[in-house]
Amino acid sequence: MMIHEKEAPGLEPMRDKLIRQLHDVQSISSKVKEGLIKQVNQVSGDNLCHGDFHLFNLVRTEDGIRVIDWVDASSGDIRADVVRSYLLYSGFDQELAGQYLSLYCEKSGLEREEVLQWGPVIAGARLSENVPGEDAERLLEIVRQGVNGRIAK
């Protein structure tokens, strides 16, 4: 939450990054991409977003805990950044993912649903990364659920 409190207007806009990633995905149709990009265009804010926040990017130092690996940082909507962390955790451990999201929402005042609405967009963008060991079918299912629900309407 301390990361998200900072403004970062000089960083790449999250909107641009997500649109570029979605265009690169081969496994979803143009129609689905259009729906996801329409949602991306609703990105608001210029808050600092880490883009890859998870436990393995935290390091204990003499001065306390430090966040590392800022290569995916952008300026954008904190809800999308939170759901990305949630998706990363959920690919590893559903209980941990649920705890992360519940605690973040409780402490920030965000509603769970307003965070999760970004799931299909972030899952679609993550497909462009071709991460070894990532369950692409799980990400496609998250995209499909969004398309069959809110995005397709």
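The values are calculated or read from the model by the stated rules, or taken from the named source; none is laboratory data. From a predicted model like this one, the values you see are computed outputs, not experimental measurements. All Cβ positions, glycine included, derive from the backbone under ideal geometry; neighbour counts span all protein chains shown. Just the protein is used for accessible areas: all its heavy atoms, side chains included, with ligands, DNA and RNA removed. Shrake-Rupley method; radii C 1.70, N 1.55, O 1.52, S 1.80 Å.
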Output for the stretch 88-128, where each listed residue is open to solvent by 20 Å² or more (accessible area, probe 1.4 Å), over 22 Å from TRP70 (Cβ atoms) and among the polar types (S, T, N, Q): GLN94, GLN99, SER102, GLN117
The stretch 131-148 - residue that is acidic (Asp, Glu) and part of a loop (DSSP other than H, G, I, E, B) and, of those, modelled with the highest pLDDT: ASP135
Failed criterion for GLY45 (all others in (1) within 20 Å of GLU7 (Cα to Cα); (2) crowded, with 19+ Cβ neighbours inside 10 Å; (3) in contact with a helix residue (DSSP H, G or I) (Cβ under 8 Å, 6 or more places away or on another chain); (4) of a type outside the set (S, T, N, Q) hold): (2)
Any pair with Cβ under 7 angstrom, 6 or more apart, that starts in the stretch 8-37 at a residue that is under 17 Å from ASP52 (Cα atoms) and of a type in the set (Gly, Ala, Ser) and ends at one that is open to solvent by less than 80 Å² (accessible area, probe 1.4 Å) and not in a loop (DSSP other than H, G, I, E, B): ALA8/ASN47; ALA8/LEU48; ALA8/SER75
Selection count, the stretch 55-69, where residues are open to solvent by 30 Å² or more (accessible area, probe 1.4 Å) and under 27 Å from GLU137 (Cα atoms): 3
Spans of helices (runs of 4 or more DSSP H) in the stretch 36-127 with at least 3 residues over 13 Å from the mean Cα position of the chain (by Cα): 94-108
Criterion (open to solvent by 50 Å² or more (accessible area, probe 1.4 Å), within 16 Å of GLU129 (Cβ to Cβ) and of a type in the set (S, T, N, Q)) met by exactly one of SER85, SER27, SER74: SER27
Checking ILE151 against (1) of a type in the set (A, V, I, L, M); (2) exposed (fewer than 13 other Cβ atoms within 10 Å of the Cβ); (3) modelled with pLDDT under 95, the condition it does not meet: (2)
